[in-house]
1. Return the residues of the range 22-42 that are basic (Lys, Arg), part of a loop (DSSP other than H, G, I, E, B) and either within 16 Å of ligand 1 (Cβ to nearest atom) or in contact with a Leu (Cβ under 7 Å, 6 or more places away or on another chain) (or both); say none if nothing qualifies.
2. Checking residue 1 against (1) at pLDDT 95 or above; (2) out of contact with any strand residue (DSSP E or B) (no Cβ under 9 Å at 6 or more places or on another chain): exactly one of these is not met. Which one?
3. Cβ-Cβ below 8 Å, separation at least six or inter-chain, first residue in the range 66-77 and under 14 Å from residue 198 (Cα atoms), second in a loop (DSSP other than H, G, I, E, B) and modelled with pLDDT of 95 or more: which pairs?
4. Restricting to the range 57-77, count the residues that are more than 12 Å from ligand 2 (Cβ to nearest atom) and of a type in the set (Asp, Glu).
5. When the residues of the range 183-204 are filtered to those that are within 18 Å of residue 60 (Cα to Cα) and of a type in the set (D, E, K, R), which remaining residue is surrounded by the fewest Cβ atoms within 10 Å (Cβ to Cβ)?
6. Scan the range 6-19 residue by residue and report those that are out of contact with any Gly (no Cβ under 6 Å at 6 or more places or on another chain) and within 15 Å of ligand 1 (Cβ to nearest atom).
7. Can you give me the ranges of the strands (runs of 3 or more DSSP E) entirely in the range 43-100 with at least 1 residues that are more than 28 Å from residue 218 (Cα to Cα) and modelled with pLDDT of 95 or more?
Amino acid sequence: MPNPVNDTDTLRIALQKSGRLTDKTIQLLEGIGLKFDDYKRNLLVKCHNFDVELLLIRDDDIPEYVQDGVCDLGFVGANVTAERGADVTVLRNLDYGICRLSIATPKSGGLDTVEDLDGKTIATSYPSLTRQYFENLPVDIEPIYISGAVEITPRLDVADAIVDIVSTGNTLKANGLREIETIFESETQLIQTNKSISQAKIELIEKFLLRIDGHQQAERSRYIMMNAPKDSMERIKDIIPSLNSPTVVPLANEDMIAIHTVIPIDEFWQVMEKLKEEGASGIVVLPIESMIA
Ligand code: PRT
Ligand code: ZN
């Protein structure tokens, strides 16, 4: 039976019901100001303050639901969308659920390179991405589809090697395996249906993206306040990789000023050290809720 397209003006967004991406996605949605009922007990949850409803399902179903227009948007790992070959548009790469799909082989056994896998069996939950990778190589492999606990299969002699998701690498290590090649890099993505949607929904998506971008940028930034000698002002301005010029406030002590500014989190320590060298003191660092350019 074909899936019904969501042709109301309510934006329907799919996310993983219960798994590695759930908490971070819920935090993101709450962080951009969406208010909704208990998502743990309901599959379809209405937002109170945005014309949005959330559909909580298994991550494997999200790409097809978005492709078919049952949902307008979805939060899902790039690995799942690519494996499914879903026809959707990626709106944003989000900085969580980061992992890679890798080929791993038993530590001992002589399968050290991809070429050594010629004629071998490979257990995986990602047969399509595995086939696509080997299609371009003169290496003939036989994929064996396994839905879970793939890492145990070489020990059981079910397969010679595996292709599986790796994050820290601990699971591979615990099972006597080592990574020999990464075939796909993944992170969570916000995807949109390619089915036509109403103008009202298009406008809602624009607002939604503005909030997400503001939230993402805020997460990557910190608000800092400090006192500094007035005569170090120009040197401090050069140190701060500020979005806009910093706010400078005079202090009761006329030789001193207060400086307020926003800096990217990855430059944080470097900037702090240089500021200290220039005589900055009383440095206060605050998280930012959101940033709108
Ligand atoms: O029930 P449902 O189908 O919704 O969930 P699921 O069990 O299929 O998926 P889930 O919740 O495990 O993962 C959801 C998504 O998280 C994946 O599709 C990836 O995009 C992303 N992700 C990020 C990961 C990992 N990191 C990860 N480490 N998915 C799975 N793993 C597993 C991997 O399969 C292996 O068993 O963790 C193990 C390896 O981890 P390390 O840290 O030991 O290397
Ligand atoms: Zn799944």
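1. The one that is basic (Lys, Arg), part of a loop (DSSP other than H, G, I, E, B) and either within 16 Å of ligand 1 (Cβ to nearest atom) or in contact with a Leu (Cβ under 7 Å, 6 or more places away or on another chain) (or both): 40.
2. (1)
3. 69/195; 69/197; 72/197
4. So the count comes out to 3.
5. Of the residues in the range 183-204, the ones within 18 Å of residue 60 (Cα to Cα) are 184-193.
Then drop every residue that is not of a type in the set (D, E, K, R), which leaves 185, 187.
Working: 185: 12, 187: 15.
Among those residues, the one meeting the criterion is 185.
6. Of everything in the range 6-19, those that are out of contact with any Gly (no Cβ under 6 Å at 6 or more places or on another chain) and within 15 Å of ligand 1 (Cβ to nearest atom) turn out to be 15, 16, 17, 18, 19.
7. Numbers: elements: 44-46, 52-57, 73-77, 88-93.
Fully inside the range 43-100 and qualifying: 44-46, 52-57.
So that you can scan it fast, the table gives a plain yes or no per residue for (1) at positive phi; (2) not charged (D, E, K, R):
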{"residue": "8", "(1), (2)": "no, yes"}
{"residue": "33", "(1), (2)": "yes, yes"}
{"residue": "51", "(1), (2)": "no, no"}
{"residue": "83", "(1), (2)": "no, no"}
{"residue": "100", "(1), (2)": "no, no"}
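The values are calculated or read from the model by the stated rules, or taken from the named source; none is laboratory data. Because the structure is predicted, anything quoted here is derived from the model rather than measured. Glycine gets a Cβ as well: all are built from the backbone with ideal geometry, and neighbour counts include every protein chain shown.
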